[in-house]
Amino acid sequence: HAADTFRTDLMTITRHVLNEQSRHPESRGDLTILLSHIVLGCKFVASAVNKAGLAKLTGLAGETNGEEQKKLDVLSNEVFVNALVSSGRTCVLVSEEDEKATFVDPKLRGKYCVCFDPLDGSSNIDCGVSIGTIFGIYMIKNQDTVTLEEVLQPGKDMIAAGYCMYGSSCTLVLSTGNGVNGFTLDPSLGEFIMTHPDIKIPPKGKIYSVNEGNAKNWDTPTAKYVEKCKYPTDGSSPKSLRYIGSMVADVHRTLLYGGIFLYPADKKSPSGKLRVMYEVFPMSFLMEEAGGQSFTGKGRVMDERAKLVVQTTTLIAVVQTCLMLIHKRDVRRGDKP
Ligand code: P6P
């Protein structure tokens, strides 16, 4: 009967974040308010992505049926910038869509910096492959006089990170430094309901995830590692290759099923392709919180710090990229991959 079909004690993302806040009695709830605005942005983008095919929102921006259509990633960026600024809890934003950092109007400033890719993998929209929003949050000491140098903090200083995957369902995965939890959007309620409590990456993984199309550009260690995945020398079975080409989807599968995701540096991209501030750091934060690890090929990703290049006219944070290895749990910390 009805009681069997309707759970009446739903753990929503809002309730979960408030529970996390209660673990910090000194907290004024600023992070809770910030996260609620990020959640709102995710709900908006989920709705737009679902309608994209119908509303011809996909493809290039340009004149269609008489009015300017915004590309989904442009629209998503506007949604998140507006949501983050209006939260009154941010002082600087670093977006994949904007070449320069956005310094919030001093009257509206808060103590957080949010680095985000509003719609990562957006080249996959037209064929219906899962895409996603990725975000990482830093605390800023001097919000009124913040400079870009203060934004470029080591990954290990990140205080929260998450992604929202827009696929067969809309799944938001979040960590505020106390484990990783997954929430699925119930469109009938407009709420994210906890569906994946305390995500831990499986200790053993049978999947490797890399763009084999770049193999001719790989360096020897990468080539040798991938070769070992295909032709194991220890008598184990070869691993399966799964590569979606949308980081949120590839990382989400790695978190849930285990294995390794890598985007190695190669001759074409000498320091890798993935962006440190809003792809690599947030995903590495989540991976470590889920019991996994993330390496640059030389050391721990989260010990890295993105570099800043000051141009004559503008400040451009070089979206530094690096090798991204996400290891299954049984790789001991400090092991060379
Ligand atoms: P490639 C998407 O453009 C993206 O930034 C990530 O989402 C994804 O992991 C990667 O690039 C795919 O790159 O070169 O394999 O197409």
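Is at least one residue of the range 236-258 among the aromatic types (F, W, Y), closer than 27 Å to V173 by Cα and more than 12 Å from the ligand (Cβ to nearest atom)?
Within the range 236-258, one or more residues are among the aromatic types (F, W, Y), closer than 27 Å to V173 by Cα and more than 12 Å from the ligand (Cβ to nearest atom).
Restricting to the range 117-166, and then to whatever is more than 16 Å from the ligand (Cβ to nearest atom), open to solvent by less than 40 Å² (accessible area, probe 1.4 Å) and touching a Gly at 6+ places or on another chain (Cβ under 7 Å), can you tell me which residue is farthest from F80 (Cα to Cα)?
M158
Residue-by-condition table, conditions (1) within 12 Å of the ligand (Cβ to nearest atom); (2) outside any loop (DSSP other than H, G, I, E, B):
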| position | (1), (2) |
| --- | --- |
| F261 | yes, yes |
| G272 | yes, no |
| Y278 | yes, yes |
| L286 | no, yes |
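All but one of (1) open to solvent by 10 Å² or more (accessible area, probe 1.4 Å); (2) away from the ligand (no atom under 14 Å from the Cβ); (3) closer than 24 Å to T176 by Cβ hold for V114; which doesn't?
Every listed condition holds for V114 apart from (1).
Tell me which of these K216 doesn't satisfy, since it passes every other one: (1) touching a helix residue (DSSP H, G or I) at 6+ places or on another chain (Cβ under 8 Å); (2) more than 12 Å from the ligand (Cβ to nearest atom); (3) open to solvent by 20 Å² or more (accessible area, probe 1.4 Å).
(1)
Residue-wise test of (1) part of a helix (DSSP H, G or I); (2) modelled with pLDDT of 80 or more; (3) within 30 Å of K107 (Cβ to Cβ); (4) in contact with a strand residue (DSSP E or B) (Cβ under 8 Å, 6 or more places away or on another chain).
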| residue | (1), (2), (3), (4) |
| --- | --- |
| D4 | yes, no, no, no |
| T8 | no, no, no, no |
| N19 | yes, yes, no, no |
| T32 | yes, yes, yes, no |
| L35 | yes, yes, yes, yes |
| F44 | yes, yes, yes, no |
| K51 | yes, yes, no, no |
| L75 | yes, yes, yes, no |
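Considering only residues that are more than 16 Å from the ligand (Cβ to nearest atom) and touching a residue at least 40 places away in the same chain (Cβ under 8 Å), which ones fall in the range 219-235?
If the condition is that a residue be more than 16 Å from the ligand (Cβ to nearest atom) and touching a residue at least 40 places away in the same chain (Cβ under 8 Å), then D219, P221, Y225 are the ones that fit.
Inspect all residues belonging to the range 200-208 and state whether any of them is away from the ligand (no atom under 16 Å from the Cβ) and closer than 29 Å to S27 by Cα.
Yes, the conditions are met somewhere in the range 200-208.
What about S209, is it modelled with pLDDT of 90 or more, in contact with a Lys or Arg (Cβ under 8 Å, 6 or more places away or on another chain) and open to solvent by 30 Å² or more (accessible area, probe 1.4 Å)?
no
Just give me the residues in the range 153-183 being out of contact with any Phe, Trp or Tyr (no Cβ under 6 Å at 6 or more places or on another chain) and among the polar types (S, T, N, Q), in sequence order.
S168, S169, T171, S175, T176, N178, N181
For the range 280-302, which positions are modelled with pLDDT of 90 or more and charged (D, E, K, R)?
E288, E289
Mind listing whichever residues of the range 74-111 are of a type in the set (K, R) and open to solvent by less than 50 Å² (accessible area, probe 1.4 Å)?
R109
The values are calculated or read from the model by the stated rules, or taken from the named source; none is laboratory data. Quick caveat: nothing in here was measured; it's all calculated off a predicted structure. Neighbour counts are summed over all protein chains in view; Cβ atoms, including those assigned to glycine, are modelled from backbone coordinates with ideal geometry. Accessible surface areas use protein heavy atoms only, side chains included; no ligands, DNA or RNA. Shrake-Rupley method; radii C 1.70, N 1.55, O 1.52, S 1.80 Å.
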